Every structure is written in C-alpha cells, then in structure tokens.
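Beneath this line is the structure, given in structure tokens, with notes to follow.
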Amino acid sequence: MKHAGRIFLVGFMGSGKTTLGRALSESLGFDFVDTDEEIEKKEGRTIANIFAIEGEAYFREQESKILKKLLLRKNVVIATGGGVPCFQDNMEEIKKGGISFFLKVDAKTLLQRLKGETNQRPLLNDKEDEELLFWMEEKIKERNFFYSQANFILDGDSSLEELIIQIKKIINRA
C-alpha cells in the first residue's frame, strides 16, 4: 500500500488528531494541515459561526472542497474534522489518496477531553454532561462505520510518542 506522501488522521472530535498530526508532521518533515483550521482561514470566521449562519450542510460542502485540494499535495499529514470521513464519499477519497489512521477513543474519555470546549464545537453546544455523553456514544456508533474503513486503527489513548512510533513503522513498510 502506497501512501503517496499523504497521511490522514480520522476519528471523533477530541480524539487527538490535531495534536498527533502536528507532532507527526514535525517528526517526518512533512507539512501539517488541519481541515477545520483550513476552513476557518478560507472563510475568515470560526466553525461555530459557519454552523450558526450557513448551517451544517454548507460546512460539510466546504470540508469536501478542502479535502479535494489536499489530495493534490504530497508530504503532508492531514487531521480531518470529525465528520469529514462521514459525508459526501470523503472516506473513499481518503482511502484512494493516501494512508489513513483511525484514532479510536471511547466516549467517556472524549467527554473528559472536550468538557471545556463545548462553546467552540457547534455539535456539542447546549448539552449537559449526561446528555452529551449519550449524544457522543450515539454519534460514535454512527461514525465508526466510516472511521473503521481507515487503513489502520490505533488506540487514541496511547501516548503521543507511542502513536508516532506505530505510524512511522507502518508507513516505512508501506
């Protein structure tokens, strides 16, 4: 399996894609792109604002456009937004365009990680902990179908160093 110089990190929000992506890209000497950050730059506003004004469908369309542009680049680590693999055949594009890693993390761990960020994450707004946990568990069940299509599934609770070692071993064999 060739990775064409493109490494995709997929998983639920809060799974550590951006943190791992930055460290991994530095370790490999690759560029790093976070699809959410790219959309915010292009739009000149936050994702929360985009959701509030334009709605989720518009946002998902922007994700697909960014993904298509990134498929033209090489030597890049791409942290996808949590929903990117789940809409508009994006997971198929990811699988064709490079090597993908699913950072698998359970809902309780994600809830702890995301507790202070609910106002920056539109899908989490206005939910109390118990309701948020239930919502996350349901969303994870829906999205795992897509995430699990990644080339490799990694334990997102592993240390950053361990994840980088695992990924480097895999891509060196690819």
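Just so it is clear, none of the values below were taken in a lab; they were calculated from the coordinates. Note that this is a predicted model, so its numbers are computed, not measured. Cβ placement follows ideal geometry from the backbone for every residue including glycine, while neighbour counts extend to all protein chains displayed.
Hey, got the dipole for the chain? About the Cα centre, +1 on K and R Cβ, -1 on D and E Cβ, debye to the nearest 20? If you can, show how the numbers build up before the last one.
Numbers: 27 positive and 29 negative charges, 207 e Å.
Taking the Cα centre of the chain as origin, the dipole is about 1000 debye.
Per residue of the stretch 71-78, what does 6.51 cos²θ - 1.76 cosθ + 1.60 with θ = phi - 60° give for ³J(HN,Hα)? Whole Hz please, x for Gly and Pro, Karplus curve as stated.
With coefficients 6.51, -1.76 and 1.60, one gets 5, 8, 8, 10, 6, 9, 9, 10 Hz.
Taking only Cα atoms and a 10 Å spring cutoff, compute GNM fluctuations for the chain and point out the largest among 103, 28, 163.
For the chain, modelled as a Gaussian network with Cα springs under 10 Å, the answer is 28.
Springs between alpha-carbon pairs under 10 angstrom, Gaussian network model over the chain: which of 80, 18, 109 fluctuates most?
109
Which of these, 37, 26, 63, has the largest mean-square fluctuation under a Gaussian network model of the chain (Cα springs below 10 Å)?
With Cα springs under 10 Å in the chain, the top fluctuation among 37, 26, 63 is at 26.
Among 133-142, 7-16, what's the highest-first ranking by average C-beta atoms within 10 angstrom per residue? Walk me through the numbers on the way to the answer.
Values: 133-142: 14.5, 7-16: 25.5.
Ranked from most to least packed, the peptides come out as 7-16, 133-142.
Along its three principal axes, how long is the stretch 6-173 when you only count alpha carbons? Whole Å, largest extent first please.
Projected onto its principal axes, the Cα set of the stretch 6-173 covers 44, 32, 26 Å.
Under the Karplus relation 6.51 cos²θ - 1.76 cosθ + 1.60, θ = phi - 60°, what is the ordered set of whole-Hz ³J(HN,Hα) values for the stretch 99-113, x standing for Gly and Pro?
Values, residue by residue: 10, 10, 10, 9, 8, 8, 9, 6, 4, 5, 5, 4, 4, 4, 5 Hz.
Give the aspartates and glutamates reachable from residue 42 as a straight Cα distance under 14 Å; neighbours fewer than 8 places away on the same chain don't count.
34, 61, 63
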